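**Student:** Structure provided below as structure tokens; questions to follow.
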Amino acid sequence: MIDFDSLLIDSGLETYAHNYSVGIRGLNSSGSEGAQFYGSQESFDNSFVSETVHFPHGSWQISASENEDLLKNQPWYRVNSPRIVGYPVLIFLCVAFVIIYRLYCAANEKALHDELTGLPNRRYFMYSLQHHFDSVSEKDLEENFAVMNIDLDKFKSINDTFGHAAGDKVLIACAERISSVLRSSDLVARVGGDEFLIILYRISNTEDIDVISIELQKAIRQTPVIYEEHLININASIGYALYDGHYETIDHLLKRADQRMYAEKNRQQIDTLN
């Protein structure tokens, strides 16, 4: 025989039942299949914990769930304190994540693009050239491409005569004019003060490069750049290197384009003197 009330008090279950809804079933030690003899069915339906108590000849099942009446009697700020604190923290973390992501994108964009012209910079260009060079050479693809080097003539004298603001305007105009000639698949980058590099993808012969070079010269020279009350004429020297499987590294490719560019610059200087 068991004094059930004393059992509840001695085990602490009665005190626990003030804060939570507790139920016990297993009449006559019949376990979870037995009838409920303490608490309500909701304590089993909504239980967050359930435990089996074993006896020599059977068992009881005890379950506990939240006491809704207890929550109703609590002040609203106690019941909703997790939401009051949690929602602002969650919103703050979301906003912080968005800000950090946008700062990262801006920093990455700045690291790979020229701030003045908005074109890709040397880092972007060299990475793209190396990646394409490796893809074509390692996979032994029958796909030629070309690198072009454009250097503005007498750019230093423009800065010295009209100022750096005029030089910046010239660079911006050249970037726009070069981009207008190229295909959308080609890549043009500003890699130095007055130097632009171009990758012409899927081009197979020097005749096509000569046509593009002529179009670039026309676009660059077409009209003077207007700065304040001055008309600034622009000229450029252009060199190229066509990849046909005979270049071992991109440095050899760029060196050949530089050689042709400087040869063109020297030829123009001689023509000017004559």
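**Student:** What nm distance separates the two modelled labels at SER6 and VAL85, each placed 7 Å from Cα along Cα→Cβ?
**Tutor:** 4.4 nm
**Student:** Please compute the length gained on full extension between SER180 and LYS156, using 0.36 nm multiplied by the number of residues separating them and subtracting their Cα-Cα distance.
**Tutor:** Gain on stretching SER180 to LYS156: 6.2 nm.
**Student:** Any idea what angle helix 164-181 forms with the longest principal axis of the chain, computed on alpha-carbon atoms, 0 to 90 degrees, nearest 10?
**Tutor:** Once rounded, one gets 80 degrees.
**Student:** Moving to a separate point now. For the charge dipole of the chain, defined by +1 on Lys and Arg C-beta atoms and -1 on Asp and Glu C-beta atoms about the Cα centroid, which residue among HIS57, SER185, GLY26 has the Cα displaced farthest towards the positive pole?
**Tutor:** Checking the options against the dipole of the chain, the answer is SER185.
**Student:** Here is a further query. Modelling each spin label as a point 7 Å along the Cα-to-Cβ direction, I'd like the ILE232/ALA165 distance in nm, to one decimal.
**Tutor:** So the two model labels end up 1.2 nm from each other.
**Student:** Strictly over 25 Å apart at the Cα level, which of LYS139/LYS265; LYS169/LYS218; LYS156/LYS265; LYS218/LYS265; LYS169/LYS255; LYS110/LYS265 would you flag in this model?
**Tutor:** LYS139/LYS265; LYS169/LYS255; LYS110/LYS265
**Student:** Mind pulling the angle between the C-alpha long axis of helix 81-112 and the longest principal axis of the chain? Nearest 10 degrees, somewhere in 0 to 90.
**Tutor:** Orientation of helix 81-112: about 20 degrees from the principal axis.
**Student:** What spacing in nm lies between the two simple spin-label points modelled at SER50 and ASP258, each 7 Å away from Cα in the Cβ direction?
**Tutor:** 7.9 nm
**Student:** Further question on the same structure: With runs of 4+ DSSP H residues as the only contributors, calculate the mean residue ellipticity of the chain at 222 nm using -39,500 (n - 2.57) per run, divided by the residue total and rounded to the nearest 500.
**Tutor:** Theoretical 222 nm ellipticity from helices: -16500 deg cm²/dmol.
**Student:** Another question, then. Give me the number: length gained by fully extending SER32 to GLN269, i.e. 0.36 nm times residue separation minus the C-alpha to C-alpha distance, one decimal in nm.
**Tutor:** 75.2 nm
**Student:** Roll a 1.4 Å probe over the protein chains and send me the accessible area per residue for region 109-151 in Å².
**Tutor:** So region 109-151 comes to 58 Å² accessible per residue, rounded to a whole number.
**Student:** Helix 250-273 versus the longest principal axis of the chain: what is the Cα-based angle in degrees, 0 to 90, to the nearest 10?
**Tutor:** Rounded to the nearest ten degrees, it is 40.
**Student:** Return the FRET efficiency for the residue pair GLU138, LEU112: r is the Cβ-Cβ distance, R0 is 30 Å, and the value is rounded to the nearest 0.05.
**Tutor:** The formula returns an efficiency of 0.80 here.
**Student:** Next question. Amide H neighbours of ASP153 under 5 Å, at least 5 residues apart or on other chains, H built in the peptide plane: list them.
**Tutor:** HN-HN under 5 Å from ASP153: ASN235, ALA236, SER237.
**Student:** Where does region 179-245 land on Rg/Rh, using Cα atoms and the Kirkwood Rh?
**Tutor:** Over the Cα atoms of region 179-245, Rg/Rh equals 1.02.
**Student:** Oh, and also: Take the Cα atoms of region 128-221, find their three principal axes, and give me the spread along each one in whole Å, biggest first.
**Tutor:** 50, 24, 20
**Student:** Taking a label point 7 Å from the Cα of THR206 along the Cα→Cβ vector, which residues of region 143-185 have an amide N closer than 17 Å to it?
**Tutor:** Of the residues in region 143-185, 144-149 have backbone N under 17 Å from the label point off THR206.
The values are calculated or read from the model by the stated rules, or taken from the named source; none is laboratory data. Remember, predicted model here, so these are calculated numbers, not experimental data. Cβ sites come from the backbone with ideal geometry, for glycine too, and all protein chains shown count toward neighbours. For accessibility, only protein heavy atoms count, side chains too; no ligands or nucleic acids. Shrake-Rupley method; radii C 1.70, N 1.55, O 1.52, S 1.80 Å.
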